[in-house]
Amino acid sequence: MNPFRNLFRKGRSNLLKIICLAFGITAGLMLIAKVHFESSYDTYFPDNERVYQLRTYVTRTTDGEDKEYGQISGGVAPGMMAEIPEVEAATRMTLMFDPETKFKIGDEDKIKMNLILADSLWFDVFSTKVLIGDPRQVLGKPLGLMVSRSVAEKLGGVESAIGKTIVPEGYDDWKLTVEGVYEDCPENSTLRYDALTSIYAFPKWSLENWLGNDRYMGFVKLRENVVPSEVVPKMRKVQEKHVDLSQLEESGLDLSYGLMRMAELHREDAKVRNLNNMMLLVAAVMIVIAVLNYILIVLSSLGVRVKEIAVRKCYGISGRGIVGIVAEESLVNLILALLLGVVMAFAFKDMVEGILEVSYEALFTPASLAILLGIIGVILLITVCVPSFFFMRIPVTGAFRRLRSSRGIWKKSLLFVEFAGAAYVAVMLMNITRQYNYMMDYDLGYEVDNLLYANLSTLEKSQREAIVSEISRLPQVEGVAMACSLPISMQSGNNVSLPGDYKELFNYTDLYFVTDGWFETMGVPVIEGNGFHPGESNERNVMVSRSFVDKMRTVASLEDSPIGWEFIFSEHSKNESDRFKVVGVFEDMKVGTAQGFDERPQVIFHDNPNNELWLPGNVVVRLGEISSENIAAVNQAIRKVVPDAELMAESYRLLVNQSYTSDRNLRDSLVACCIIALVITLAGLIGYVSDMLNSRRREIAIRKVNGADTSDIMKMLIRKITMIALPSMSCGAILGWISTESWLSNYPQHISQSVPLTILSMLVIYLIVFICVIIRAHRSASENPIKALYQN
């Protein structure tokens, strides 16, 4: 029998089966492909299993604090290669330019690219395909430039790009010449960069020191059959040759190095691992619901197929023949479902890529497609075997008399799992939405509303000061100031010690320099002292956070008022007698976001004419009210000073919201999964109720003849569904609670799960089920019992 001719046969619900399969399988396979993408980071280059990142481990004996960092000093990586035979190659890189920096090509054209600085052995460690040029030669001299294929295309093509000069805005001395082109880094790469220039533009001491100046990331490639446990002890011995470890111990520090496989950096991150586990579970729920719903609809339509199968048995069809019929039907349904899924995937491509944060090209690779095909094969096997089992049990006598084929236990079990899956996704969605809203409203310790920011780091100091002056004249501006960094970004740190004592007490978050009015503009409360004195020299003054004072009282036993305390700050103090005085204490800010923030004490210095470290490059503006007109006025003031610069002030609140994009995408993906799960579950429920009504039509008619009214029949049906729904939804809600608890552990600040809200989520699903049962069953419950008895 041609299975395509049976697609629209009455009573088989093939269209419903195909649509539900398409939705469930598509959603599940998308999530599984996303998990594979996240798990395959940094496996794109040859010998990736031999590439490791150098990790720094710091233990501070004064407070017992252990820290792990991915940065090293400049001389560590080449030193390891030179003195440890098991290291085949070593390289290092650092950042100098913002990823949003624009680079000038000639007089008019500009492109935006992420440029990193690396040494000449970069491509020996990361064996990315090189299209043109010798990387060792290009990166072995200052201002040489290797660009990716995509950047080269913007420059006129792979070959035409060679020899072109690119200059980063604000760095006119950095005239970079394109001398090589390499293949683009894939999306599942931890280090995604558009171009590399030579690290040898930095001074020699920065590239060779072993202590401090830990701005570099280092990587090593071990020789074949070498494991990290063989190398780490030798790394310690090499370190002892270049660093006086006893002096470090006297200062209260223990510093050591370790190795972490490059391919594990992303995959083994706690948040990524928990998120992958959660997505796998949701994907499994979606696929299981879709498959079980398919089987439930098949079993519910078994009553109309009893005579067909029985007649076939009368004509001698074997069990293998029945399996073949079911296999043909299942294969056709599955193929059509997959085709519909592909159509939907491409119809909503932009939306799906935005939610999953990966392109289809990177999502569906040969490796991921092989996994998905294997899962599809398992689905086909299940959808063939289970219905075949029941079809083969139909007796030959089914051709001559009416048989009941309710298969009650199986159908109730399938419906139980579907209800549980819908409740699981609903509880997860509720909690993830609550967490997202919690983070959006989280108090960061400063006022983010009515605040603008703009990055002026590419401008000269005089231009920055002129812009601040112009903005301050606007009547709608309540405050304006400059700062080296924005507290929403994670910051580097320095160490503090007491004058006359070499021991470093602890590491603090260094926000570096700000100008007058910064605390008022940002809305950071000053809780003690007068703070920086506007219009005066604050060169030797410093502001510290409340936690700084509390920690100093603990580790240094300081008792009196912090105002007037003097300290030595690494990087800022030129020698042991170069002291800074505390002139104010401010309330701790959350440096970072609610996803994760720096818990170290905070220190802020005042900008001064002798500042040789970092010039404040971020302007912050406090408005009386955020509006498009007020933002336009601020941008007009900027353009008045630098008409040609493409600088723009933007909402700080928008910047905060953008930091939670991944959480919003997770919420959106669960919204889609919840809707799909609910639709599939309701489809299965309708099929189950329809089959139950058909099989119990005579019973319902007899009950009505004996005095039962429509409401009594409805109560009976609802009671039977409720006996399945409430226990199954409770199981799904418990599983959702456990999954949510694991996921929330990724956040230092998170919501507490609520039993009432969890129950409410279950009741919402139950209410939808209740309404569907009422709508579907009312007509049958109201039917004339005489008509029902006559037809039976």
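Things worth noting here:
- FRET efficiency for Glu264 and Glu599, using Cβ-Cβ distance with R0 set to 25 Å, rounded to 0.05: 0.50
- Once the Kirkwood radius over Cα pairs is known for the stretch 418-518, the Stokes-Einstein relation at 37 °C and 0.692 mPa s delivers a diffusion coefficient of 178 µm²/s.
- Each peptide in 495-502, 597-604 receives the mean, over its residues, of other Cβ atoms within 10 Å, and ordering these scores from highest gives 597-604, 495-502.
- Taking a straight line from the alpha carbon of Lys129, these aspartates and glutamates sit under 16 Å away, with near neighbours fewer than eight places off in the same chain left out: Asp42, Asp47, Glu159, Glu179, Glu183, Asp184, Glu187, Asp194.
- Point-to-point label distance, Glu240-Lys154, nm (Cα→Cβ direction, 7 Å offset): 5.0
- Legend: ranking of residues Trp518, Trp210 from fewest to most surrounding C-beta atoms inside 10 Å; resulting order Trp210, Trp518.
- The stretch 262-287-the stretch 134-183 distance, computed between alpha-carbon centres (Å): 37
- Highest average packing first - 244-257, 658-671, Cβ atoms within 10 Å: 658-671, 244-257
- Distance histogram in 5 Å bins (all Cα pairs of the stretch 125-269, percent per bin): 2, 8, 13, 15, 16, 15, 13, 9, 6, 3, 1, 0
- If you take the Cα centroid of the stretch 608-681 and the Cα centroid of the stretch 194-245, the two points sit 37 Å apart.
- Cβ crowding within 10 Å averaged over residues, with 467-475, 120-128 ranked highest first: 120-128, 467-475
- Full extension of the chain segment joining Leu654 with Ile111 gains 193.1 nm, where the gain is 0.36 nm per residue of separation less the Cα-Cα distance.
- Once the Cβ-Cβ distance of Ile771 and Ser413 is raised to the sixth power relative to R0 = 25 Å, the FRET efficiency obtained is 0.55.
- Here each label is just a point 7 Å from Cα along the line to Cβ, and for Gln749 and Leu15 those points are 5.2 nm apart.
- Compared with the dominant Cα axis of the chain, that is its longest principal axis, helix 319-347 is turned about 40°.
- Each of Met344, Met146, Met113, Met589 was scored by other Cβ atoms within 10 Å of its Cβ. Listed from fewest to most, they are Met344, Met113, Met589, Met146.
- Long pairs among Lys141/Lys241; Lys104/Lys154; Lys412/Lys720; Lys204/Lys503; Lys141/Lys234, criterion Cα-Cα beyond 22 Å: Lys141/Lys241; Lys204/Lys503; Lys141/Lys234
- The gain in end-to-end length when the Ala284 to Ile335 segment is fully stretched comes to 16.4 nm, 0.36 nm per residue minus the alpha carbon separation.
- Correct option for Rg/Rh (Cα atoms, Kirkwood Rh) [calculated from the coordinates] among (i) 1.03; (ii) 1.07; (iii) 0.99: (ii)
- Compared with the dominant Cα axis of the chain, that is its longest principal axis, helix 546-556 is turned about 70°.
- The calculated FRET efficiency for the pair Glu539 and Ser628, based on their C-beta separation and a Förster distance of 51 Å, comes to about 0.80.
- Ranked by how many other Cβ atoms sit within 10 Å of their own Cβ, fewest first, the residues Leu280, Leu196 fall in the order Leu280, Leu196.
- Angle in degrees between helix 710-744 and the longest Cα principal axis of the chain, rounded to the nearest 10: 20
- DSSP beta bridges fully contained in the stretch 63-251 are about 75 percent antiparallel.
- Modelled this way, with points 7 Å down the Cα-to-C-beta line, the labels at Gln247 and Leu726 are 7.5 nm from one another.
Read-outs: derived from the displayed coordinates by stated rules, not from any lab. Predicted model only: the values in this text are computed from it and were never measured. In this analysis, Cβ positions are derived from the backbone assuming ideal geometry, glycine residues included, and neighbour counts consider all displayed protein chains.
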